1. How big is the convex hull of the Cα atoms of chain B, per residue, in Å³?
2. Quick check: the angle from helix B:33-44's long axis to the longest principal axis of chain B, C-alpha only, nearest 10 degrees?
3. What is the sum of charges around A:Leu100, taking Lys and Arg as +1, Asp and Glu as -1, for the other residues whose C-beta is under 11 Å from the C-beta of A:Leu100?
4. What does the average come to when, for each residue of peptide B:118-128, you count the partner chain Cβ atoms lying within 10 Å of its Cβ?
5. If you count the DSSP beta bridges with both ends in chain B, what percent of them are antiparallel, to the nearest 5?
6. So what's the angle, to the nearest 10 degrees on a 0 to 90 scale, between helix A:67-79 and the longest Cα principal axis of chain A?
7. Kindly point out, ordered by number, any Cys in chain A whose beta-carbon has no other cysteine beta-carbon under 4.7 Å away.
8. Calculate how steeply helix A:121-134 sits against the longest principal axis of the alpha-carbon atoms of chain A, using the helix alpha-carbon long axis, and give the answer as 0 to 90 degrees to the nearest 10.
Number of protein chains: 2
Amino acid sequence: MTPPLSPPRPSGHQRERLAFEEFLERRGLKLTRQREAVMKAVLEASGHFEAEEVVTLLRQGALRVSRATVYRTLDLMKECQLVEKLDLGTPHSYYEQVNLGEHHDHLICVTCGAVTEFHDLELETVQAEVCRRHGFSITHHSLRIFGQCQACLEKTG
Amino acid sequence: MTPPLSPPRPSGHQRERLAFEEFLERRGLKLTRQREAVMKAVLEASGHFEAEEVVTLLRQGALRVSRATVYRTLDLMKECQLVEKLDLGTPHSYYEQVNLGEHHDHLICVTCGAVTEFHDLELETVQAEVCRRHGFSITHHSLRIFGQCQACLEKTG
DNA sequence: AAAGAGATGAGATTGATTCTCATTAGAGTA
DNA sequence: TACTCTAATGAGAATCAATCTCATCTCTTT
Ligand SMILES: [Mn+2]
Ligand SMILES: [Mn+2]
Ligand SMILES: [Zn+2]
Ligand SMILES: [Zn+2]
């Protein structure tokens, strides 16, 4: 049961879905069936995925969605801050779904490729301080830490 | 004159030059005229540059150096940690010369494209702490902060 | 000078992403 | 329903930095 003092928050990705719809509205764009299919696939995706994976996944559904539309919709969701584009050092980009107002950075294992997410408040604070000192107005940032993960360290010493 | 207590440090980029020569030696590779030309150009370069700029610059000299060799040598210098490859959000990569043992991160203005360098010891410390907590052995990292630089802020409010 | 190993360069190739533009879908109107 | 108008889509072409190929060159060593 829902605690009485908690407002009944929309479940699933209702907030994100709504945010995207309002974003499209604001821009005078329509929520087409194709855009809806991409949005649904992305909101339900977990972890880091390639654009091509979305294309492949959607091929299994009834509605055909072209590669171009997948890329275009991912761009829109990125502008809406529901999606982030990642450069993990590979030749092509990865994307990930980000819940409204959340953020994290990445530890990337150069041995096995594992990507671990973390969030550190102190780190964010220090970054903000650096920006303040430079009179720089930050919009977003990307921190990638490369090295060996615990599992790989234990294997090879 | 050199202070007596300071060891006579090699000037210019003697240390980096030596480091590269030893690196090649260790790998059983030769310091060819082409590699030397690229190394010289890179060590004397300032700021962030594209691979293509090195190709163009070297075309003006007596010795012809192919694009392939420029890319190959930049990769070697990267392994030797004399060069870093940067993704500034543009479609192609930038490179920069890094002095032995030095490091910095970047503030990138999304309005004018200006790139400001900074180094913050506290930031590095907090990062190290995050890694320790995750049992992660860091080799290197890349922090990019995007936003508006002071100049752009003053122009547009 | 002959042999062997690495290095080079011109040009072909790659491949993720973007672009083009003819066609389609959908909202609004009469 | 039929018509209009505009945004959206999709198939395939184009892009272009980066990589690859492989014939040729350069050294060093016998
Ligand atoms: Mn992530
Ligand atoms: Mn720099
Ligand atoms: Zn690992
Ligand atoms: Zn600026």
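1. Details: hull volume 33.0 nm³, N = 157.
For chain B, the hull spanned by Cα atoms encloses 210 Å³ per residue.
2. Value to nearest ten degrees: 30.
3. Numbers: positive: A:Arg15, A:Arg17; negative: A:Glu16, A:Glu102.
That sum, taken over residues with Cβ under 11 Å, equals 0.
4. Per residue, the average neighbour count from other chains is 4.
5. Values: 10 of 14 bridges.
That works out to approximately 70 percent antiparallel.
6. Between the helix axis and the principal axis of chain A, the angle is about 70 degrees.
7. Cysteines of chain A left without a disulfide-compatible partner: A:Cys80, A:Cys112, A:Cys131, A:Cys152.
8. 90 degrees
All of the numbers you see were taken from the coordinates with simple rules; none came from a lab. Because the structure is predicted, anything quoted here is derived from the model rather than measured. Note: ideal-geometry Cβ built from the backbone for every residue, glycine included; neighbour counts use all protein chains shown.
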